[in-house]
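**Student:** Have a look at the structure that comes next, please.
The values are calculated or read from the model by the stated rules, or taken from the named source; none is laboratory data. Fair warning: this is a prediction, and the values are worked out from it, not measured in the lab. Using ideal geometry, Cβ is built from the backbone for each residue, glycine included, and neighbour counts are taken over all protein chains shown.
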Amino acid sequence: MNYQTFRPLIYKLTPEQAHHTTIWMLQLAGWFSPATALVRAMYRAKNKGPEVTCMGIKFPNPVGMAAGYDKDGLGWRGLAALGFGHIEVGTVTPKAQPGNPKPRVFRLVEDEAVINRMGFPNKGSDFLAKKIHHARGNGFVVGVNIGKNKVTPNESAIDDYLHLARQFFPLADYLAVNVSSPNTPGLRDLQTRKALLELLEPLNDEITAAGHATGRAVPIVVKLAPDMTDDELEQALDAIITTGMDGVIISNTTVKRPHLHSSLAQEVGGLSGKPLQAMNNDLIRKVVTMTGGEIPVIASGGIITPQDAQEKIDAGAALVQVYTGLIYTGPELVRDILNFGLKYK
């Protein structure tokens, strides 16, 4: 029975109920070896790659699980069985926080999109650290997406990010700095050139020192919003390159509402899914042009089909990440993208 068969049953649940149910199923699939083997067999791709070396890391394939799905590191074993080349957990904050009031996630089925205003709900960094303690070294790459607590003022944000960088340096293959969620008040103000310089320089110093002490490099990437003007984007990229960051994730969700049909279109929050595909492709091309290809781009936004993933690669992305596409096409999306055979120029 494929995903499309039981999707109507899933849609009878609220989006958050469905999310918690699938995380629970992935936990079960990851903890019991026969279940893990069954999931691997069901979703095994005929094409295993292509293998990609990016930021000094060898990725077994270009397809990753975007941040926001496995916030607390509960389902990474099950996700790995689906064939992901990398899994980005989080966004995690130093202290546990409940996020914004419910309801806060909305399916725009007619548009194959989602609006969320979650606000970084998570169980805190100590909880996540325990859950992913044994994640590295299992044949896939682990990224940890880090953010500040809602109650932390922007002028003290560096303390939160440094705390998280220190805690997850030993546990992550790379760190992703989230300054772009639209659902934490004032967070996107950290994307200005000045704010990024003040945030990223000490972060880079911290991770570089840790790398020298341990002999292990942990790249840092920055996740940007799709709603910046060209000038704002150029300034942000300049700060990212100046401070020695290793890559960018393009992009977070958008507050724009392009050509939507759903009655839920005006819900407050970040929009993800199919409506972002063209916008995201254009943004990837801009970033590649503005940076001269100096740093790699991880593409996140609007991948519903294998062809969508190939368009990201054609636009200049080194890796791709999926999330909302899984809600509409199911876990076989990873297998289908790999079997499609992504090609690099």
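**Student:** Listed residues Ala172, Ala165, Ala176; which is touching a helix residue (DSSP H, G or I) at 6+ places or on another chain (Cβ under 6 Å) and either in a loop (DSSP other than H, G, I, E, B) or at negative phi (or both)?
**Tutor:** Every option except Ala165 fails the conditions.
**Student:** With the condition being at pLDDT below 95 and not basic (Lys, Arg), I'd like the strands (runs of 3 or more DSSP E) fully within the stretch 260-345 carrying at least 2 qualifying residues.
**Tutor:** Values: elements: 270-273, 297-300, 319-322.
It comes to none.
**Student:** If you don't mind, there's one more thing I want to ask. Answer yes if at least one residue in the stretch 302-324 is acidic (Asp, Glu), surrounded by fewer than 20 Cβ atoms within 10 Å (Cβ to Cβ) and touching a residue at least 40 places away in the same chain (Cβ under 8 Å), and no otherwise.
**Tutor:** For the stretch 302-324, residues acidic (Asp, Glu), surrounded by fewer than 20 Cβ atoms within 10 Å (Cβ to Cβ) and touching a residue at least 40 places away in the same chain (Cβ under 8 Å): absent.
**Student:** Could I ask something else about it? All but one of (1) buried (at least 24 other Cβ atoms within 10 Å of the Cβ); (2) in contact with a Phe, Trp or Tyr (Cβ under 8 Å, 6 or more places away or on another chain); (3) not basic (Lys, Arg) hold for Gly90; which doesn't?
**Tutor:** Unmet condition: (2).
For every residue, the table says whether it meets (1) closer than 30 Å to Arg257 by Cα; (2) buried (at least 23 other Cβ atoms within 10 Å of the Cβ); (3) at pLDDT 95 or above.
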{"residue": "Phe59", "(1), (2), (3)": "no, no, yes"}
{"residue": "Gly68", "(1), (2), (3)": "yes, yes, yes"}
{"residue": "His86", "(1), (2), (3)": "yes, yes, yes"}
{"residue": "Phe106", "(1), (2), (3)": "yes, no, yes"}
{"residue": "Ile115", "(1), (2), (3)": "yes, yes, yes"}
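**Student:** May I ask you to list the residues in the stretch 220-249 that are outside any loop (DSSP other than H, G, I, E, B), closer than 13 Å to Arg193 by Cβ and not β-branched (Val, Ile, Thr)?
**Tutor:** Passing the criteria: Leu224, Asp231, Glu232, Leu233, Glu234, Gln235, Ala236, Leu237, Asp238, Ala239.
**Student:** In the list Thr229, Thr242, Thr208, Thr254, which residue meets the criterion of being touching an Asp or Glu at 6+ places or on another chain (Cβ under 6 Å) and of a type in the set (S, T, N, Q)?
**Tutor:** Thr254
**Student:** Just one of the numbered conditions (1) in a loop (DSSP other than H, G, I, E, B); (2) touching a Gly at 6+ places or on another chain (Cβ under 9 Å); (3) at pLDDT below 95 is not true of Met1; which one?
**Tutor:** (2)
**Student:** From Gly64, Gly90, Gly56, which residue is at negative phi and of a type outside the set (D, E, K, R)? Let's see the steps before the verdict.
**Tutor:** Details: Gly90 fails: at negative phi; Gly56 fails: at negative phi.
That would be Gly64, the only listed residue that is at negative phi and of a type outside the set (D, E, K, R).
**Student:** All but one of (1) touching a Ser or Thr at 6+ places or on another chain (Cβ under 6 Å); (2) acidic (Asp, Glu); (3) farther than 19 Å from Gly302 by Cα hold for Asp227, so report the exception by its number.
**Tutor:** Only one criterion in (1) touching a Ser or Thr at 6+ places or on another chain (Cβ under 6 Å); (2) acidic (Asp, Glu); (3) farther than 19 Å from Gly302 by Cα is unmet by Asp227, namely (3).
**Student:** Ser125 fails exactly one of the following numbered conditions: (1) within 19 Å of the chain's Cα centre (by Cα); (2) over 15 Å from Val144 (Cα atoms). What is the number of that condition?
**Tutor:** Just one mismatch for Ser125, condition (2).
**Student:** Let me ask something additional. Which of the residues that make up the stretch 202-232 are under 22 Å from Cys54 (Cα atoms) and either at pLDDT below 95 or surrounded by fewer than 16 Cβ atoms within 10 Å (Cβ to Cβ) (or both)?
**Tutor:** Within the stretch 202-232, Asp205, Thr208, Ala209, Gly211, His212, Thr214, Gly215, Arg216 qualify.
**Student:** Go through (1) under 20 Å from Glu88 (Cβ atoms); (2) part of a helix (DSSP H, G or I) for Gly143 and report which single condition fails.
**Tutor:** (2)
**Student:** Separate question: Pairs, please: C-beta under 7 Å, at least 6 apart or cross-chain, first residue in contact (Cβ under 8 Å) with a residue 12 or more places away in the chain and crowded, with 16+ Cβ neighbours inside 10 Å and in the stretch 284-300, second in a loop (DSSP other than H, G, I, E, B) and among the β-branched types (Val, Ile, Thr)?
**Tutor:** Sorted first by the residue in the stretch 284-300, then by its partner, the list stays empty.
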